[in-house]
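See below for the structure under consideration.
The values are calculated or read from the model by the stated rules, or taken from the named source; none is laboratory data. This one's a predicted model, so the numbers in the text were calculated from it and none came from an experiment. Quick reminder, even Gly has a Cβ in these numbers, built from the backbone with ideal geometry, and neighbours come from all protein chains shown.
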Amino acid sequence: MYLKLLAEVLLFLGLTRVIVCQGTSLECRHSYDIRFFFWKDFHNIALDLFVVFVIGRIYEAVFPLDSPLVVVSLCCGSAVPSLLDIIPFLKVSLTMYQVMCVWSVPTFIFVGFMGLALLALAGLHAHYCWKFLTARGKCSFLLEMLAIIGVFVVPRAISSSFHAHHWFTAWLAAQLCRFNTAWSRSAQFFFIGVYVNGIALYGRDPVLSCQAAWLLADSQRCQRLLPCTADQAMQNVMVIPPYHYEPSDRCDNLGNLVQRAVSLCGGKVPKGNMSLVSLPFNLDELKSSVSQAMLAYRLSEAADLAVKACAATNKWIAGYEPWKMKDADQQELRSACLRVLLEAVYILAHFFGPFIPTAADAIFAKVGTPARPIPQLASFTNLDEKAEVKTGSILFSQLEVDKVALLAKKEDAPAVAAPAAGAKGAKGEGKGAKADAAPKADAKAKPAKAPKAPKEEIKDDPNQPLFSKLDIRVGKIVKAYNHPDAERLFVEEIDVGDPEGPRQVISGLREHYSLEEFTGKRLLVICNLMAAKMRGVTSHGMVLCAKNPETKVVELVGVPESCKIGDRVLPEGVLASWKPFSPAAVKELKVWEDVAKGLRTDGGRVACFSGTPLVTASGEKFLAPTLSEVEIG
């Protein structure tokens, strides 16, 4: 009879897993697979059910295990927790952190109602016990209840690993619903179904320990006496104290490392001789240290170890600089560096996984190799060499709350014409005297002066890569005409993905292109230069050209048709999460002048900055039509 119960529960485990995890978008731990189930959880589940079988007196049940009452109760129990997860205010867990920081008033009301329902069920059992059992039966039932509380509840409640996962709570309740009545056995198998749901979706793992939950709540300053503020509520999704207020540790180190690794590998796992390079960190020491920290519930220490290993890897790859290895005799060393870098990224994803699981899953998808148990990680020889390495989107993008608030204030203030808004308004400036007449008419009207915008405080960030301070994008000329007052200038309207529409740019290329050749061209545009007037017409950017001063040949840097309009262009390995500087900052700090010194085409006519190819996020490169080894400006 016990084996029949075990088989029935395993069947419902499989069905629940398939229906919820593969057939719906409800919450589920997708990394929990059948190998892990049999390796770690099966023997514990068999023991759990044996305890319920004995203490819950299932062997005495007058209802067969395949009876409709049992099957329906199991079905309901395994479905209800996932159905409740559809309701927004019930998508919470029973941990100190969630109770203090996440639970809403409806959540408390619902949990209170469920608590009363459980008390009522306990009251029914107490009433049945008092009315129908003999004195010996009452004594037996009372002793069993006390034994369950003493053996299973008290040790966990007083330990730092206490948890109230719904599978554990339901397992306890199933032991106490042991009477041969329809309502008692229905409740028992309903609770077994709830147990099935918890195991099927998440595995038999404890959730946050009591100590960890207090740590999280304290780090968020989120006690009910100090309610969460709006920005803290957004931050509550992260669980990496004390790095919660230090996003640079996550975004700059890990994000930069991942982006460098996947973008430099060219879509495949490099096959390098790894003995040519040193290793960025000692994997065996990292596994041992993190394991000890986790076993002692020192979560911040475990996170700290992962961040330090990430920083060591960043320092290691900066020392080798494989992106500068261009010569043929350096390619073997370059492949070795990139293979170790990609292996390091894969390994680090396992150690960051408990704290940022979504980002870890994204890393595994990028390197094309699924996660494995940490004890099975080999020393930098884990990747599938046939796997495809995907660049895709960046790992993190930062939400700057202060800037959002500032923008909201600006929306409430009177509208002030900005230079960038001239993309549409400046269309008429190139049409002769009529364009010049409009400002004069406006001057006569003498409208009320718009309030002066506060002067921008310009600060340089020494940690930001120089090139990323510019906003260079892929554009397309949708309209072009000759400047009315300058023989060498074109006036173009270029689509660079601005929501306002095409922007007006002036370029001195009439000596090198006819108007017919120029119109419709794809090109690279610097979009965050200060607006400048050229012979009465305002320019809101600059196009990039390769030029040979000796032969006086000038040609637009070519853009592949596969590039999307508005794609940002950066040197290979530089994160797109770096925000471009404002036009005022670019001018004040002479960013363009510094970048221009390193812009050249290489021997293969590829546009490069300091020897590194310029690329889009999807890896497209840009070639000059004919000029190699010349400057770009």
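For this structure, a couple of remarks:
- Taking the range 257-316 as the range and being among the charged types (D, E, K, R) and under 25 Å from the mean Cα position of the chain (by Cα) as the test, the residues that pass are Arg260, Lys268, Lys287, Arg298, Glu301, Asp304, Lys308, Lys315.
- In the range 271-288, the condition of being in contact with a Pro (Cβ under 8 Å, 6 or more places away or on another chain), in a helix (DSSP H, G or I) and of a type in the set (A, V, I, L, M) is met by no residue.
- Members of the range 544-556 found to be part of a strand (DSSP E or B) and either free of Cβ contacts under 8 Å to residues at least 60 places away in the same chain or out of contact with any Gly (no Cβ under 9 Å at 6 or more places or on another chain) (or both), listed by number: Asn548, Val553, Val554, Glu555, Leu556
- Residue check, Ala596 assigned by TED's automatic domain parsing to the domain that holds Gly541, in contact with a strand residue (DSSP E or B) (Cβ under 6 Å, 6 or more places away or on another chain) and under 20 Å from Lys324 (Cα atoms): no
- Test: residue in the range 474-491 that is touching a strand residue (DSSP E or B) at 6+ places or on another chain (Cβ under 9 Å), under 19 Å from Thr601 (Cβ atoms) and assigned by TED's automatic domain parsing to the domain that holds Thr601: yes
- Candidate set: the range 310-366, residues that are of a type in the set (Phe, Trp, Tyr) and touching a residue at least 60 places away in the same chain (Cβ under 8 Å); chosen: the one farthest from Met294 (Cα to Cα): Trp323
- Checking the stated criteria, Leu589 turns out to be in contact with a helix residue (DSSP H, G or I) (Cβ under 9 Å, 6 or more places away or on another chain) and surrounded by fewer than 20 Cβ atoms within 10 Å (Cβ to Cβ).
- Screening the candidates Val51, Val70, Val62 for the property of being touching a residue at least 24 places away in the same chain (Cβ under 8 Å) and loosely packed, with under 14 Cβ neighbours inside 10 Å yields one hit, Val62.
- Within the range 468-520, the only residue that satisfies the criterion of being assigned to a helix (DSSP H, G or I), of a type in the set (A, V, I, L, M, F, W, C) and within 25 Å of Leu570 (Cα to Cα) is Phe518.
- When Lys326 is tested against (1) modelled with pLDDT under 85; (2) within 15 Å of Gly266 (Cα to Cα); (3) crowded, with 20+ Cβ neighbours inside 10 Å, just one condition goes unmet, and that condition is (3).
- For the range 592-610, the set of residues classified as among the hydrophobic types (A, V, I, L, M, F, W, C) and farther than 17 Å from Pro549 by Cβ consists of Trp592, Val595, Val606, Ala607, Cys608, Phe609, listed by residue number.
- The range 353-375, subset under 15 Å from the mean Cα position of the chain (by Cα) and small (Gly, Ala, Ser), residue nearest to Gly267 (Cα to Cα): Ala365
- In this structure, Ala585 does satisfy being in the same structural domain as Gly497 (by TED's automatic domain parsing), touching a residue at least 60 places away in the same chain (Cβ under 8 Å), assigned to a helix (DSSP H, G or I) and of a type in the set (Gly, Ala, Ser).
- Just one of the listed residues (Thr313, Thr358, Thr369) is out of contact with any His (no Cβ under 6 Å at 6 or more places or on another chain), of a type in the set (S, T, N, Q) and not in a helix (DSSP H, G or I), and it is Thr369.
- Of residues in the range 611-626 being hydrophobic (A, V, I, L, M, F, W, C) and surrounded by fewer than 21 Cβ atoms within 10 Å (Cβ to Cβ), the one nearest to Ala546 (Cα to Cα): Leu623
- A residue that is at pLDDT below 90 and closer than 16 Å to Val496 by Cα can be found somewhere in the range 608-631.
- The set of residues in the range 151-182 being exposed (fewer than 14 other Cβ atoms within 10 Å of the Cβ) and modelled with pLDDT of 85 or more consists of Asn180, Ala182.
- All positions within the range 1-46 that are among the hydroxyl-bearing types (Ser, Thr, Tyr) and surrounded by 12 or more Cβ atoms within 10 Å (Cβ to Cβ): Tyr2, Thr16, Thr24, Ser31, Tyr32
- Screening the range 541-560 for residues that are farther than 18 Å from Gly604 by Cα and modelled with pLDDT under 90 and picking the one that is nearest to the chain's Cα centre (by Cα) gives Pro549.
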